[in-house]
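Peer 1: Before I ask anything, here is the structure I am working with.
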Amino acid sequence: MSTIKETIRPVFPFTAIVGQEEMKLALILNMIDPKIGGVMIMGDRGTGKSTTIRAMADLLPKIPIVQDDVFNSHPTNVELMSDSVQESISKGKKLLTTFISVPMIDLPLGATEDRVCGTIDIEKALNEGIKTFEPGLLAKANRGILYVDEVNLLDDHLVDILLDSAASGWNTVEREGISIRHPARFVLVGSGNPEEGELRPQLLDRFGMHAEIRTVKDPALRVKIVEQRNQFDQNPEVCLSQYQEKQDALKQDIANAQHILPDIEIDFSLRMKISQVCGQLDVDGLRGDIVTNRAAKAFAAYNGRIQVTSDDIKHVITLCLRHRLRKDPLETIDSGIKVEKVVGEVFA
């Protein structure tokens with residue numbers, strides 16, 4: 001008789017993924033600091049977008065939650081608790097705690113607003129005076145990752161809901177005068193193929209980072225990728241054991257970076273240069289400045305340093321700004337050449 005552990009589908013190891021450095025870096029930085037605001041990954045079909053995102057979730061340490069809580073409420077952090085858990089604590093109830101893997105929720109393209117946000121049972125509320133809430137995908141994704149494949153094909157109003165929840169950290173459902181809210185803090189990861197249409201500039205701007213991926217052209221690398229995939233499909237356990245050491249090292253690096261992140265400092269002169277780049281590139285609003293500062297700090301933490309350097313900024317600034325240059329929906333996203341040119345001038 002097989003145990004549950006044996007029946008869970010194995011996940012391709014993150015450290016075994018060849019190439020696609022931009023995408024991997026953007027995901028790692030968002031795991032270190034979810035406040036960066038998620039990542040939009042655009043690229044050709046069959047380039048391993050979904051595989052990489054699922055592999056990333058598998059790298060993260062387990063999180064403590066209040067047992068049987070549908071919102072994955074944190075046992076001690078009030079900001080990450082549902083109202084009902086806060087109420088129970090204020091009444092002095094003892095809550096049991098358990099640990100779960102970081103939630104990785106897929107949002108299907110055909111999802112309705114009710115499926116995403118959750119629904120209130122009006123009948124029960126009116127007849128029995130009980131607020132009954134059927135949680136949606138935003139509740140399940142709290143403190144985890146919400147992944148939307150082909151996000152450019154999703155209804156604009158649903159994308160708006162996702163981005164609003166990701167930014168505020170809360171989801172509110174109102175119906176017939178009854179209102180329920182719950183924490184919805186997640187890293188929003190969208191992927192898509194530019195051939196199938198771009199997101200509106202206003203929506204793109206709400207994603208913290210934008211990674212571009214291309215099909216590998218080098219024949220030797222392509223053979224290596226195919227061989228790795230075949231090896232994993234035939235014997236996942238052997239493949240996982242080969243990469244276990246690298247996986248553990250990366251897990252530790254991410255955990256260490258999360259720990260030292262609050263202590264990271266960035267000099268005023270460097271903050272000025274970031275804002276100078278954003279000004280020269282005519283980036284609307286201040287989101288570009290904020291995200292670049294956060295990403296540079298996360299990158300410094302990932303490398304075990306307390307002080308941000310200009311090299312840290314150069315490593316992340318293109319990922320943070322390239323999608324904010326598009327003013328016209330008919331324009332294509334700059335590959336990063338404009339950003340690199342201005343960065344070269346300002347940080348010379």
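Peer 1: Quick one: which helices (runs of 4 or more DSSP H) lie wholly within region 194-270 and hold at least 1 residues that are of a type in the set (Phe, Trp, Tyr) and not assigned by TED's automatic domain parsing to the domain that holds Val308?
Peer 2: Answer list for region 194-270: 219-234, 236-260.
Peer 1: Just a yes or no: is a residue in region 320-330 under 29 Å from Phe14 (Cα atoms), modelled with pLDDT of 90 or more, outside the structural domain of Glu195 (by TED's automatic domain parsing) and not hydroxyl-bearing (Ser, Thr, Tyr)?
Peer 2: The answer is yes; a qualifying residue exists.
Peer 1: Could you run through region 298-327 and say how many residues are over 17 Å from the mean Cα position of the chain (by Cα), assigned to a helix (DSSP H, G or I) and farther than 16 Å from Val346 by Cα?
Peer 2: Result for region 298-327: 4.
Peer 1: Give me a count of the residues in region 38-96 that are closer than 22 Å to Ser168 by Cβ and small (Gly, Ala, Ser).
Peer 2: 4
Matching residues to (1) within 16 Å of the chain's Cα centre (by Cα); (2) farther than 21 Å from Asn293 by Cα; (3) at pLDDT below 80; (4) assigned to a strand (DSSP E or B):
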{"position": "Asn142", "(1), (2), (3), (4)": "yes, yes, no, no"}
{"position": "Tyr147", "(1), (2), (3), (4)": "yes, yes, no, yes"}
{"position": "Thr172", "(1), (2), (3), (4)": "no, yes, no, yes"}
{"position": "Leu188", "(1), (2), (3), (4)": "yes, no, no, yes"}
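Peer 1: Something else: Any idea which of Asp289, Asp284, Asp311 is in contact (Cβ under 8 Å) with a residue 40 or more places away in the chain and either of a type outside the set (Val, Ile, Thr) or touching a strand residue (DSSP E or B) at 6+ places or on another chain (Cβ under 7 Å) (or both)?
Peer 2: The match here is Asp284.
Peer 1: For Ile28, are the conditions met, namely being part of a helix (DSSP H, G or I), modelled with pLDDT under 85 and either touching a Leu at 6+ places or on another chain (Cβ under 9 Å) or crowded, with 23+ Cβ neighbours inside 10 Å (or both)?
Peer 2: no
Peer 1: Another one. Quick one: Val85 ticks every box in (1) surrounded by 18 or more Cβ atoms within 10 Å (Cβ to Cβ); (2) over 22 Å from the mean Cα position of the chain (by Cα); (3) assigned to a loop (DSSP other than H, G, I, E, B) except a single one, so which number is it?
Peer 2: For Val85, the exception is condition (3).
Peer 1: Report yes if some residue within region 292-300 is under 30 Å from Thr15 (Cβ atoms) and either surrounded by fewer than 17 Cβ atoms within 10 Å (Cβ to Cβ) or polar (S, T, N, Q) (or both); otherwise report no.
Peer 2: For region 292-300, residues under 30 Å from Thr15 (Cβ atoms) and either surrounded by fewer than 17 Cβ atoms within 10 Å (Cβ to Cβ) or polar (S, T, N, Q) (or both): present.
Peer 1: Say whether the condition of being of a type in the set (Asp, Glu), part of a strand (DSSP E or B) and farther than 15 Å from Val187 by Cα is met by at least one residue in region 119-135.
Peer 2: Scanning region 119-135, I find at least one residue that is of a type in the set (Asp, Glu), part of a strand (DSSP E or B) and farther than 15 Å from Val187 by Cα, so the answer is yes.
The values are calculated or read from the model by the stated rules, or taken from the named source; none is laboratory data. Worth saying up front: this structure is predicted, and the values here are computed from it rather than measured. For neighbour counting, all protein chains shown are included, and Cβ atoms are generated from backbone atoms with ideal geometry for every residue, glycine included.
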